[in-house]
1. Filtering the stretch 75-113 down to residues that are in contact (Cβ under 8 Å) with a residue 40 or more places away in the chain, in a loop (DSSP other than H, G, I, E, B) and over 14 Å from the mean Cα position of the chain (by Cα), which residue is nearest to A49 (Cα to Cα)?
2. Go through A35, A52, A24 for me and flag whichever is at pLDDT 85 or above and more than 19 Å from C94 (Cα to Cα).
3. Which residues, taken from the stretch 56-74, are part of a strand (DSSP E or B) and out of contact with any Asp or Glu (no Cβ under 6 Å at 6 or more places or on another chain)?
4. Considering only residues of the stretch 43-60 that are surrounded by fewer than 12 Cβ atoms within 10 Å (Cβ to Cβ) and in contact with a Ser or Thr (Cβ under 7 Å, 6 or more places away or on another chain), which is farthest from V116 (Cα to Cα)?
5. Just the residues that are surrounded by fewer than 15 Cβ atoms within 10 Å (Cβ to Cβ), at pLDDT below 85 and at positive phi, please, taken from the stretch 73-129.
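The values are calculated or read from the model by the stated rules, or taken from the named source; none is laboratory data. Not measured: the values here are computed from a predicted model. Here the Cβ is made from the backbone with ideal geometry for all residues, glycine too, and neighbour counts use every protein chain on show.
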Amino acid sequence: MKQAKYRTFRAADAVLIAGLLVFAGAFWFFSGNFAGAAGGTVTVRRGGAVYATLPLGAEATVDVTLPDGTVTNTVRISGGEAYMEYANCPDGLCLRHGALRGGRDIIVCLPNSVTVEASAAGGIDAVSK
């Protein structure tokens with residue numbers, strides 16, 4: 001019986017894989033975490049119409065109200081993040097979405113027709129030919 005001339009997994013393979021993982025992790029970290037903190041915006045819409053537009057770096061609270069003055073949703077912008085702080089909808093899914101940090105992300109509260117969208121400054125939304 002003959003022995004194989006070479007091994008199937010070498011130390012150089014492990015170094016290459018580790019290097020690729022470090023590069024991919026660094027790319028993910030820098031592209032996702034710092035996309036909108038510097039100059040992004042948060043747009044709050046109710047029924048499709050723009051309700052408020054604020055910079056992502058602001059410290060603010062937006063109360064989305066009905067014409068009779070009833071508050072349906074409260075959006076908090078703090079520390080470069082935007083999140084739904086209060087919602088009077090029955091399921092509360094929008095409250096569990098988590099914080100928007102920029103890039104291209106959105107929180108939707110369907111029962112109240114409220115959306116919160118974060119977008120990075122200077123980003124490209126789409127390319128068309």
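1. Per the criteria, the residue is S113.
2. Being at pLDDT 85 or above and more than 19 Å from C94 (Cα to Cα) holds for just one of A35, A52, A24, which is A24.
3. A60, T61, V62, D63, V64, T65, T72, N73, listed by residue number.
4. E59
5. G122
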